[in-house]
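The values are calculated or read from the model by the stated rules, or taken from the named source; none is laboratory data. Small disclaimer: the values here were computed from a predicted structure and weren't measured. In this analysis, Cβ positions are derived from the backbone assuming ideal geometry, glycine residues included, and neighbour counts consider all displayed protein chains. The accessibility values were calculated without ligands, DNA or RNA, using every heavy atom of the protein model including side chains. Shrake-Rupley method; radii C 1.70, N 1.55, O 1.52, S 1.80 Å.
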Amino acid sequence: QVQLVKSGGGLVQAGGSLRLSCAASGRTFSSYAMGWFRQAPGKEREFIAAINWSGSITDYADSVKGRFTASRDNAKNMVYLQMNSLKPEDTAVYYCAAKETYGVGITPDQYAYWGQGTQVTVSS
């Protein structure tokens, strides 16, 4: 089992950057693929990015491709989401999640463990 604790987020102007971090407990962190999702008011939870167990494979939603980068440090049990060139439409609550297999996943039901949401607000 893994527990996830988020940090980062906040208010930023359009065009700015933020980095979200997610700290995972447990000694088997490297066996989990990790994902990032977001949910805006009145909308369903949306896939943003995923990274496999080693960090060698990543996948991104088209809406963030080229602007967001997922990475991980298995020695520190950490996963990161670097968000650049932020837009007002990126405003949402962001979540990290852990998947109990090595490969990336793009749907919420593939992820067994979730961190608490973190608000990201991008002003125009």
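Accessible area per residue for the chain is 50 Å², calculated with a 1.4 Å probe on protein heavy atoms, without ligands, DNA or RNA.
Can you pull the percent of the chain's accessible area that's carbon plus sulfur, 1.4 Å probe, other chains left in place?
Answer for the chain: carbon and sulfur cover 48 percent of the accessible area.
For the range 32-83, the convex hull drawn through the C-alpha positions has a volume of 83 cubic angstrom per residue. Among beta bridges from DSSP that stay inside the chain, the antiparallel ones total about 90%. For Lys87, a cut-off of 20 angstrom between C-alpha atoms picks up these lysines, skipping any fewer than 8 places away in its own chain: Lys43, Lys65. Each residue, Glu89 and Ile106, gets one label point 7 Å from its Cα in the Cβ direction; the gap between the two is 1.7 nm. Under the classification rounded if a/c is under 1.5, otherwise prolate if a/b is larger than b/c and oblate if not, where does the range 85-124 fall, given a ≥ b ≥ c as square roots of the Cα gyration tensor eigenvalues? Here the range 85-124 falls in the prolate category.
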